[in-house]
Amino acid sequence: MCDDTLHEECGVFGVWAPGRDVARITYFALRALQHRGQESAGIAVGDGRTVLVRKDLGLVTQVFTDADLSAMPGKVACGHCRYGTAGAKGWESAQPHLSTIDEVIIALAHNGTLVNFDALRRELIDMGIPFRSNTDSEVAAKLIGHFTRHSGRLRTGIAHAMHMIEGGYAMVLVRENALYAFRDPHGIRPLVLGRLGDDGWVVASETCALDISGATFVREIEPGEIVRISDDGIRSERGCEPASRADCIFEHVYFSRPDSVKDGESFYLMRHNMGRRLAQETPVEADLVISVPDSGTPAAEGFAQELGIPFGTGLIKNRYVARTFIQPTQELRQMGVRLKLNALPDVVRGKRLVMVDDSIVRGTTSRQIVRMLKAAGATEVHVRSASPMVTWPCFYGIDTGSQDQLIAAKMSLAEIRAHIEADSVGFLSIEGLLSCVPGGAEGTCGYCKACFTGEYPVEIPREFWEERFLPGFTPENLSAASETSRMPIEQAERLLSQ
Ligand code: SF4
């Protein structure tokens, strides 16, 4: 993977385990989730009386020392690692977000994006509620606080807030003596539940964080569900009605770690099958299949196996370049490619190569890698993407920027081939992708695939999408209104309390 891909915005984790070192468990879980966000990290611990938070910009290992973790004893914790988007990169946007509901301190860790947070924020400000940042996470925390004050119960406050917020989200919240986990009604962002020994529980964005904690997978947190874990045990209740299922399909393509598992199948195996299917759909005569490491490797192996072409290592990745230092400007992105990857002339010289990547988003790095391979002596470079063409921006927690940054939205297949200077180029079809993910072919699991199709599962208000689309593109489920059709907070409060 190079910096020409989509970025997950966050990883979240929570643990309830009295008698254990919950801060260290969270620390190691965040290290397992580090691929989901490298710009800030934070841990909040509840010790039965209060909640302590430590967070800062940087990698998990940069933010926490051994002494920091030792100074955070407790029985419940949540953690967060973040990939910041433009305009939300400062310390204030680092999580968990700490806030108070009268005397109760809560810490909220959030993965995803709330598409209606601007309007909710304005309404809350009009109601006299102050804000410290411009993040959607603070809006969620303040909304939960507002409803909790009125209902007297945090669970009710969360449920009422879930009726108001829209978008893709997976959230973990701790107070001094309890852990809460809840997920959007479509299930766009992932959240799983695990068992830790006899009396502990964990929740995480991915199962790889359960593995490192020594926890065993129990089940997914259901869309619209609230799970509460405390001295009273674990309780599940419906926060809001589940809507049509729309798991983010890009988790399967790239975001999730290959050793994480969904429906009993590893993302590694799914990606291997995507490569096989890609080979069936876009075969080519070649001497060697190589991958863009590391995220393209499972699909490249599958591609090679399907066509009976040897698989080799043609590109070496410098593993010690943190993404933190690669800024999102064109010039530095280009430098980032050279910092991160180098070609192996001994392997590629004189060969007709197939280069498999997990996706092609902007196209800039693909062109640089093709040039690098040809300069190293490759006679042909055929580029294959193990995902369909990314033509639409994401509004549910993934940083795609606007549509004019997406190469497949601006160019035909032939133009893309010419632009990246490849001998041929091919993308996996949407049907092909669906055939490789659990329940995708049978339609037993619904997926969000809006970045390929423009069919957005959650209505997006105008102020959120305006100027993000190229002329002539008319996606589904955009709202012409500047707000979605939700009712005002105070009216909802009266109705929900009845
Ligand atoms: S638009 Fe794409 S990246 Fe965003 S949630 Fe849907 S599938 Fe995932």
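The values are calculated or read from the model by the stated rules, or taken from the named source; none is laboratory data. Here the structure is a predicted model, which is why all the values come from computation and not from measurement. In this analysis, Cβ positions are derived from the backbone assuming ideal geometry, glycine residues included, and neighbour counts consider all displayed protein chains. These accessible areas exclude ligands, DNA and RNA; they are computed on the full protein's heavy atoms, side chains included. Shrake-Rupley method; radii C 1.70, N 1.55, O 1.52, S 1.80 Å.
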With the Cα gyration tensor of segment 63-192 giving a ≥ b ≥ c as the square roots of its eigenvalues, does the rule (a/c under 1.5 for rounded; else a/b larger than b/c for prolate; else oblate) give rounded, prolate or oblate? rounded
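If you count only protein heavy atoms with a 1.4 Å probe, what accessible area per residue comes out for segment 7-243, rounded to a whole Å²? Don't skip to the answer; put the middle values down first.
Details: 7800 Å² over 237 residues.
With all protein chains present, segment 7-243 gives 33 Å² per residue.
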For the chain, find the longest principal axis of its Cα atoms and tell me its angle to the long axis of helix 330-340, 0 to 90°, nearest 10. 80 degrees
In whole angstrom, how long is each semi-axis of the equivalent ellipsoid of the chain, when you take the square root of 5 times every eigenvalue of its Cα gyration tensor and sort them from largest down? 39, 25, 20
Please give the length that would be gained between residue 212 and residue 319 if that part of the chain were fully extended, namely 0.36 nm times their separation in residues minus their C-alpha to C-alpha distance (nm, one decimal). 36.4 nm
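So if I place +1 on the C-beta of Lys and Arg and -1 on the C-beta of Asp and Glu, and nothing else carries charge, what would the dipole magnitude of segment 7-243 be about its Cα centre? I want it in debye, nearest 20.
Details: 25 positive and 30 negative charges, 33 e Å.
The calculation lands at about 160 debye.
Determine the shape class of segment 112-173: with a ≥ b ≥ c the square roots of the Cα gyration tensor eigenvalues, call it rounded for a/c under 1.5, and otherwise prolate if a/b is greater than b/c, oblate otherwise. Write down the numbers at each step before the final one.
Working: a/c = 1.70, a/b = 1.09, b/c = 1.57.
Oblate.
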Value of relative contact order over the chain, rounded to a whole percent, pairs C-alpha under 8 Å and six or more apart: 14 percent
Where Lys and Arg each count +1 and Asp and Glu each count -1, what net charge lies around residue 284 among other residues with Cβ under 12 Å from its Cβ? -4
For the pair residue 241 and residue 474, the simple spin-label estimate (label points 7 Å beyond Cα toward Cβ) gives in nm 2.9 nm
Note: residue 259 to residue 100 extended length (0.36 nm per residue) minus current alpha-carbon separation gives 53.5 nm
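Contact order normalised by length for segment 7-243, with contacts defined as Cα pairs under 8 Å and 6 or more residues apart; what percent is it? Don't skip to the end; give the middle numbers.
Values: 627 pairs, mean separation 51.1, N = 237.
Contact order relative to length: 22 percent.
Could you order the peptides 203-211, 127-135 from most to least packed, using the average number of other C-beta atoms within 10 Å per residue? Present the calculation step by step, with values, prior to reporting the outcome.
Details: 203-211: 27.0, 127-135: 13.1.
By packing density, highest mean first, the sequence is 203-211, 127-135.
Taking the Cα centre of segment 261-438 as origin, work out the dipole magnitude from +1 charges on Lys and Arg Cβ and -1 charges on Asp and Glu Cβ, in debye rounded to 20. Spell out each step's value before the answer.
Details: 20 positive and 19 negative charges, 113 e Å.
Taking the Cα centre of segment 261-438 as origin, the dipole is about 540 debye.
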Any chance you could run the full-extension gain for residue 412 through residue 424? It's 0.36 nm times the residue separation minus the Cα-Cα distance, nm to one decimal. 3.0 nm
Surrounding net charge for residue 50, when Lys and Arg each add one and Asp and Glu each subtract one, Cβ distance under 13 Å: 0
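In whole angstrom, how long is each semi-axis of the equivalent ellipsoid of segment 7-243, when you take the square root of 5 times every eigenvalue of its Cα gyration tensor and sort them from largest down?
Numbers: eigenvalues 113, 78, 60 Å².
So the equivalent ellipsoid measures 24, 20, 17 Å along its semi-axes.
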Spin-label pair residue 56/residue 230, simplified geometry with 7 Å Cα→Cβ offset, distance in nm: 3.4 nm
A correct Kirkwood calculation over the Cα atoms of segment 261-438 returns a hydrodynamic radius in Å of 16.5 Å
Quick one: accessible surface of residue 150, probe radius 1.4 Å, all protein chains present, in square angstrom to the nearest 10. 120 Å²
Counted charge near residue 65, where neighbours are those whose Cβ lies closer than 13 Å (Asp, Glu -1; Lys, Arg +1): -1
Rounded to the nearest 10 Å², the accessible area of residue 100 at probe 1.4 Å: 80 Å²
Where 160, 419 fall by accessible area, highest first, once all protein chains stay in place (1.4 Å): 419, 160
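What do you get for GluC sites (Glu not before Pro) in segment 252-293 restricted to DSSP loop and a cutoff of at most 12 other Cβ within 10 Å of the site's Cβ? Walk me through the numbers before you get to the answer.
Details: sites: 265, 281, 285; in loops: 285.
Answer in residue order: 285.
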If r is the Cβ-Cβ distance from residue 339 to residue 491 and R0 is 56 Å, what FRET efficiency results, to the nearest 0.05? 0.55
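Could you do me a favour and compute the accessible area per residue for segment 261-438, 1.4 Å probe, result in Å²?
Working: 6930 Å² over 178 residues.
Per-residue value: 39 Å².
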Give me the percent of accessible area attributable to carbon and sulfur for the chain, probe 1.4 angstrom. 50 percent
